[in-house]
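Chemist: Pasting a structure below so you can have a look.
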Number of protein chains: 2
Amino acid sequence: MTRVYLDNNATTIVDPKVYDVMSPFFCQMYGNPNSLHSFGSETHPALRTAMNQLYKGLNASDDDDIIVTSCATESNNWVLKAVYFDKILNGDKNHIIISEVEHPAIYSTCKWLETLGVKVTYLPVNHDGIVEAHTVKDFITDKTALVSIMWANNETGAIFPIKEIAQICKEKNVLFHTDGVQAVGKIKVDVQDVEVDFLSFSAHKFHGPKGVGGLYIKNSQELSALLHGGEHMGGRRSGTLNVAGIVGMGLAMELANDAIEYENKEVRRLRDKLEDALLQIPKTFVVTSRDKRTPNTMLISIKGVEGEAMLWDLNKAGIAASTGSACASEDLEANPVLMAVGADKELAHTAIRLSLSRFTTEDEIDYTIDVFKKAVIRLREISGSYAE
Amino acid sequence: MTRVYLDNNATTIVDPKVYDVMSPFFCQMYGNPNSLHSFGSETHPALRTAMNQLYKGLNASDDDDIIVTSCATESNNWVLKAVYFDKILNGDKNHIIISEVEHPAIYSTCKWLETLGVKVTYLPVNHDGIVEAHTVKDFITDKTALVSIMWANNETGAIFPIKEIAQICKEKNVLFHTDGVQAVGKIKVDVQDVEVDFLSFSAHKFHGPKGVGGLYIKNSQELSALLHGGEHMGGRRSGTLNVAGIVGMGLAMELANDAIEYENKEVRRLRDKLEDALLQIPKTFVVTSRDKRTPNTMLISIKGVEGEAMLWDLNKAGIAASTGSACASEDLEANPVLMAVGADKELAHTAIRLSLSRFTTEDEIDYTIDVFKKAVIRLREISGSYAE
């Protein structure tokens, strides 16, 4: 049976080269890197290589820290909660700014911080699904401890003006964190060019393994630990090092960076081909201008076609898509990003996200176009809510 | 070259059967389990199997929760910090009791909680390296929010009277957490027999992969999240599920439980053989009575032989041992557990931990006895601090 995976914003296939480099660290080189004997030290060269690949991938400097975590959810929780302890509970600030379309790892953490008395501003997005830089500027006060705005949105692929927002935060002397999960590996992420204080990323979004991610920390600045303990990672993040995961993430970062041009030419071409074809279906629209999106993503609304019904038809034909964030895909509420960009409630129930990767082939796109069009015709025929 | 791994309390080889069951979840069944399509749902049977293996392994009931985390350090941090938020910051308690030989993931977290105003009692251990149950009872007050005492010590293998401590906490209506990292897979851990509220464990200590662990929660009782976000694990621990890690940890738990009798007979026999032989060396002693230890562990002091020098000689002969917790093994301070059981400072610098596993062979033990004895002779000859 034909199977086409177009849900790469939820997770990605592990690149077979990444799997190969991880494999020896389960049953052969299984030592604890913190041990003094050869079973420990024989893991060090691969770990050093991996850390170098991460530094090079983000263009981090030797003065910066990149700390390995278990996922971007941990990285995001870490920054927000550390800023709470460092700047709010033990400081004179009380305010955090995020966008209203942040990933739940940011959004839910802020909802919880509100129960502790933190003031949180949820900035609205414009019709392109992004927060404009001047909006951030307008809401920063002398009580603002942190701004956290995603680099690219998981559902629409919308790329936020992170360079401008970083510049504003620097001028205002406010810490700036960006959830880079949907940007790293898809577009150029250069922390020398874009001066963020903190950046979260996750290996499994760029063809690395699940269960490992990281946090970039500019100038190795202080940040209370989220995981206290045995002084791993220079005392910044405790827990026995996940050697296989780190080694895999390092190579995945290198391979993703090597493929950035391919991603922005070939993956984009395939995405655009798919998008052009699907937009020929009457009464469809795609959120966010094409040039303002990551090259692999489209979120399309099809009037009169319930998103879940569409997913089901695609799935029967072996095509994996999503109605939005995988984190919330088991709940059938209206798509919050579509609501945020001003779509009406009906449209917000008709969104399908298709996200490609460098493993997506032209044949898969042709097949998807064919299946998608037939599914829309079928579903509109049986739909009560659509009349042409 | 002969290589003998006797540092199984630091980390363990991944059982090849565990590696085999993990392998398909990198490049074949790589979907996000939260996705609605077949790439997601095809991971569910293996995840269900793994969760059943974890429940069965601990003899947890359907009313209990077992939440997968990234490691026991996360589980330990989670319990302590959640209790801080739930019972101290937002409650009327202010006190936590731990032992003075807890793992750094507990100890350092408590040191940090003290900076937030929490009162922490660090209970002393007796000459066998354990906290006695009546000591716990003596220190519980009506302000005590949590008692956290390890099930077995990482350095000595000393098994704590967890059943009695759990009973005392239940009577006093105080939450009880145990760091079960060094117990699970080595001795019987049955949460019906020993009624703890929370129990932390880590896959890589029982021949599972690094980067995955868990927290058992009795009666699924409430506990603020450490990682907020996308409502994974019933909203208790967010972050994309580490499918390979979970599947591996499940089988590792089952295999470890299947091997519990072997561990307590054969591994114990090999450990005792090694211990008997090494204790023939004059002026040596082993901490904690043999019947009060996990079957795989011995911590031996050799008068006049610096622990690090001994490690180095063993390592040159291909034998991996430790001077204590791997988490602190890069620092050359006196062994804190030895200090706690009342050893003098010189002895505390001469401790070598040897920890076996079900993969340890009789030949390896014979080889180790031979190498160890020769190393002691050599090092005592060049040592200024030892005169027979």
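The values are calculated or read from the model by the stated rules, or taken from the named source; none is laboratory data. Here the structure is a predicted model, which means the values were calculated and not measured. Note: ideal-geometry Cβ built from the backbone for every residue, glycine included; neighbour counts use all protein chains shown. Only protein heavy atoms, including side chains, enter the accessible area calculation; ligands, DNA and RNA are left aside. Shrake-Rupley method; radii C 1.70, N 1.55, O 1.52, S 1.80 Å.
Chemist: Specify the residue that is nearest to A:Asn8 (Cα to Cα); the eligible residues are those in region A:110-158 that are within 14 Å of chain B (Cβ to nearest Cβ) and among the polar types (S, T, N, Q).
Modeler: Looking at the filtered set, the residue picked out is A:Asn154.
Chemist: Related question: Which of the residues belonging to region A:50-67 are open to solvent by less than 10 Å² (accessible area, probe 1.4 Å), out of contact with any Phe, Trp or Tyr (no Cβ under 6 Å at 6 or more places or on another chain) and either of a type outside the set (Gly, Ala, Ser) or closer than 30 Å to A:Leu338 by Cα (or both)?
Modeler: Those that are open to solvent by less than 10 Å² (accessible area, probe 1.4 Å), out of contact with any Phe, Trp or Tyr (no Cβ under 6 Å at 6 or more places or on another chain) and either of a type outside the set (Gly, Ala, Ser) or closer than 30 Å to A:Leu338 by Cα (or both): A:Leu54, A:Asp64, A:Ile67.
Chemist: Is it fair to say A:Gly208 is within 14 Å of another protein chain (Cβ to nearest Cβ) and within 24 Å of A:Ala82 (Cα to Cα)? Give the derivation first.
Modeler: On the way: within 14 Å of another protein chain (Cβ to nearest Cβ): yes; within 24 Å of A:Ala82 (Cα to Cα): no.
No, not satisfied.
Chemist: Are any residues in region B:206-222 open to solvent by 20 Å² or more (accessible area, probe 1.4 Å) and part of a loop (DSSP other than H, G, I, E, B), and if so, which ones? Before you say what the answer is, go through the steps one by one.
Modeler: Taking region B:206-222 and keeping what is open to solvent by 20 Å² or more (accessible area, probe 1.4 Å), we get B:210, B:218-222.
Passing the criteria: B:Lys210, B:Gln221, B:Glu222.
Chemist: In region A:157-184, which residues are open to solvent by less than 10 Å² (accessible area, probe 1.4 Å) and either under 20 Å from A:Leu251 (Cβ atoms) or not assigned by TED's automatic domain parsing to the domain that holds A:Lys137 (or both)?
Modeler: Within region A:157-184, A:Gly180, A:Ala183, A:Val184 meet the criteria.
Chemist: Out of everything in region A:6-49 that is hydroxyl-bearing (Ser, Thr, Tyr) and not in a loop (DSSP other than H, G, I, E, B), what residue ends up being surrounded by the most Cβ atoms within 10 Å (Cβ to Cβ)?
Modeler: The first filter runs over region A:6-49 and keeps only residues hydroxyl-bearing (Ser, Thr, Tyr), leaving A:11-12, A:19, A:23, A:30, A:35, A:38, A:41, A:43, A:49.
Applying the additional criterion that residues be not in a loop (DSSP other than H, G, I, E, B) yields A:19, A:38, A:41, A:49.
Details: A:Tyr19: 19, A:Ser38: 17, A:Ser41: 13, A:Thr49: 16.
Step by step, filter region A:6-49, then rank; the result is A:Tyr19.
Chemist: Kindly check whether there is at least one residue in region B:108-119 that is open to solvent by less than 50 Å² (accessible area, probe 1.4 Å), out of contact with any Cys (no Cβ under 6 Å at 6 or more places or on another chain) and closer than 26 Å to B:Asn59 by Cα. Let's see the steps before the verdict.
Modeler: Taking region B:108-119 first, the residues open to solvent by less than 50 Å² (accessible area, probe 1.4 Å) are B:108-110, B:112-113, B:116, B:118.
If we keep only those that are out of contact with any Cys (no Cβ under 6 Å at 6 or more places or on another chain) as well, we get B:108-110, B:112-113, B:116, B:118.
Subset that is closer than 26 Å to B:Asn59 by Cα: none.
No, region B:108-119 contains no residue that is open to solvent by less than 50 Å² (accessible area, probe 1.4 Å), out of contact with any Cys (no Cβ under 6 Å at 6 or more places or on another chain) and closer than 26 Å to B:Asn59 by Cα.
Chemist: Has region B:282-297 got at least one residue that is touching a Lys or Arg at 6+ places or on another chain (Cβ under 8 Å), hydrophobic (A, V, I, L, M, F, W, C) and assigned to a loop (DSSP other than H, G, I, E, B)?
Modeler: No, that holds for no residue.
Chemist: How many residues, within region B:223-235, are touching a strand residue (DSSP E or B) at 6+ places or on another chain (Cβ under 6 Å) and either part of a strand (DSSP E or B) or at the interface with chain A (Cβ under 9 Å from one of its Cβ atoms) (or both)? Break it down stepwise before answering.
Modeler: Taking region B:223-235 as the starting set, the residues that turn out to be touching a strand residue (DSSP E or B) at 6+ places or on another chain (Cβ under 6 Å) are B:233.
Okay, now just the ones that are also either part of a strand (DSSP E or B) or at the interface with chain A (Cβ under 9 Å from one of its Cβ atoms) (or both), so none.
So the answer is 0.
Chemist: Something else about it: Quick one: is A:Val83 within 25 Å of A:Arg237 (Cβ to Cβ), in contact with a Phe, Trp or Tyr (Cβ under 8 Å, 6 or more places away or on another chain), open to solvent by less than 10 Å² (accessible area, probe 1.4 Å) and not small (Gly, Ala, Ser)? Give the derivation first.
Modeler: Numbers: within 25 Å of A:Arg237 (Cβ to Cβ): yes; in contact with a Phe, Trp or Tyr (Cβ under 8 Å, 6 or more places away or on another chain): no; open to solvent by less than 10 Å² (accessible area, probe 1.4 Å): yes; not small (Gly, Ala, Ser): yes.
No.
Chemist: I would also like to ask the following. List pairs: first in region A:63-84 and of a type in the set (Asp, Glu), second open to solvent by 10 Å² or more (accessible area, probe 1.4 Å), Cβ under 6 Å, 6+ apart or cross-chain?
Modeler: Sorted first by the residue in region A:63-84, then by its partner, the pairs are A:Asp63/A:Asn219; A:Asp64/A:Lys218; A:Asp65/A:Ser220.
Chemist: May I pose another question? Identify the single condition in (1) surrounded by fewer than 24 Cβ atoms within 10 Å (Cβ to Cβ); (2) part of a helix (DSSP H, G or I); (3) among the hydrophobic types (A, V, I, L, M, F, W, C) that A:Trp78 does not satisfy, given that it satisfies every other one.
Modeler: The single condition A:Trp78 does not satisfy is (1).
Matching residues to (1) on the phi > 0 side of the Ramachandran plot; (2) open to solvent by 60 Å² or more (accessible area, probe 1.4 Å); (3) at pLDDT below 70:
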position	(1), (2), (3)
B:Ser322	no, no, no
B:Cys327	no, no, yes
B:Thr350	no, no, no
B:Glu364	no, no, no
B:Tyr367	no, yes, no
B:Ala375	no, no, no
B:Leu379	no, no, no
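Chemist: Checking B:Asn335 against (1) buried (at least 22 other Cβ atoms within 10 Å of the Cβ); (2) at pLDDT 90 or above, which test does it fail?
Modeler: (2)
Chemist: How about region B:236-273: which of its residues are within 9 Å of chain A (Cβ to nearest Cβ) and among the small types (Gly, Ala, Ser)?
Modeler: B:Ser238, B:Gly239, B:Ala244, B:Gly245, B:Gly248
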